[in-house]
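These notes concern the structure reproduced below.
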Amino acid sequence: MSTYVITGGSQGIGAAFVRLAAQRGHKVGFSYGRSQAAAEALAAECGAGVLAVQADAADETATVRLFQTLAEAFGPIDGFVNNAGITGPFATIEQVTPAIIDEVFAVNVRGAFIALREAARHMPNGGAIVNISSRASGIGGGGEWVHYAASKGAVDTFTIGASREFAKRNIRVNAINPGLIDTDIHAKAGDAARVGRMGATVPLGRAGTPEEVARVALWLLSDEASYVTGALLPVSGGR
């Protein structure tokens with residue numbers, strides 16, 4: 001079995017990945033920001049092979065410490081899911097402030113880039129990295145969150161660049177671009193009813209589940225995806 005690390009693993013897509021990977025017998029280390037109770041409950045639920053570590057995704061020192069801690073516990077890692085991210089509030093371009101831009105880009109771009117770097121440093125034998133991007137990078141987020149969409153556009157770009165740079169080290173790098181997924185990210189952004197309202201606009205007629213994204217992430221980390229790198233894979237019901 002493999003050893004995986006995921007950032008932002010205490011809820012949503014991250015928690016779904018932790019559960020599924022643990023069920024399949026993998027060791028999993030995951031970070032969390034403020035949700036200590038949820039993180040500890042998830043780790044206890046999943047058993048001895050799962051370890052939760054507090055680490056602010058925007059803090060380079062915390063991210064370095066996260067990977068060092070997990071390396072001491074598990075040894076070299078085989079796969080990393082770069083999942084931690086925020087949307088910021090729903091806002092038009094004219095409403096977006098520099099503070100909103102700074103907060104979103106600190107986590108989604110700077111933080112994710114640093115986490116990618118640290119993961120690669122802990123893969124001496126090769127491995128696989130999955131960046132969690134968003135369909136917003138292609139749709140643009142107009143009228144809702146262009147700031148968030150732009151940050152995920154950066155994730156798409158450094159996914160492609162890293163895939164080419166790390167190929168010689170036998171590290172594959174791909175991105176998943178989830179569409180409308182039924183998590184609390186919509187409520188945190190200020191519109192709890194968004195999933196229900198928009199589900200019917202998706203070609204498949206519904207929102208996706210965190211588990212559906214987690215299954216794709218596990219596939220991309222596995223040897224079954226051994227010739228897949230530099231891909232931006234929509235998991236979006238056709239949206």
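Data overview
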item: Between region 165-233 and region 1-38, the Cα center-to-center distance that results, in Å; result: 15
item: Residues whose placed amide H lies under 5 Å from that of ASN131, excluding near-sequence neighbours; result: ASN82, ASN174, ALA175, ILE176
item: Per-residue [θ]222 nm for the chain (sum of -39500 (n - 2.57) over DSSP H runs n ≥ 4, rounded to 500); result: -13000 deg cm²/dmol
item: Point-to-point label distance, ALA167-ASN125, nm (Cα→Cβ direction, 7 Å offset); result: 2.5
item: Segments 77-90, 3-16 sorted - mean Cβ within 10 Å per residue, highest first; result: 3-16, 77-90
item: Calculated P(r) tail over 19 Å for region 81-183, as whole % of Cα pairs; result: 42
item: Kirkwood Rh, angstrom, region 8-107 [1 / mean 1/r, Cα pairs]; result: 14.6
item: Between 0 and 90°, nearest 10: helix 12-23 axis offset from the chain longest Cα axis; result: 30
item: Degrees separating the helix 146-166 axis from the principal Cα axis of the chain, which is the longest one; result: 30
item: For THR7, distant residues with modelled amide H under 5 Å away; result: SER31, VAL81, ASN83, ALA84
item: Stokes-Einstein D (µm²/s) once Rh is taken as the Kirkwood radius of the chain over alpha-carbon pairs, at 25 °C in 0.890 mPa s; result: 139
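A short reminder: the numbers here are calculations on the coordinates, not readings from a lab. Please read these numbers as outputs of a predicted model, since none were measured by experiment. Reconstructed Cβ throughout: ideal geometry from the backbone, glycine too, with neighbour counts over all protein chains shown.
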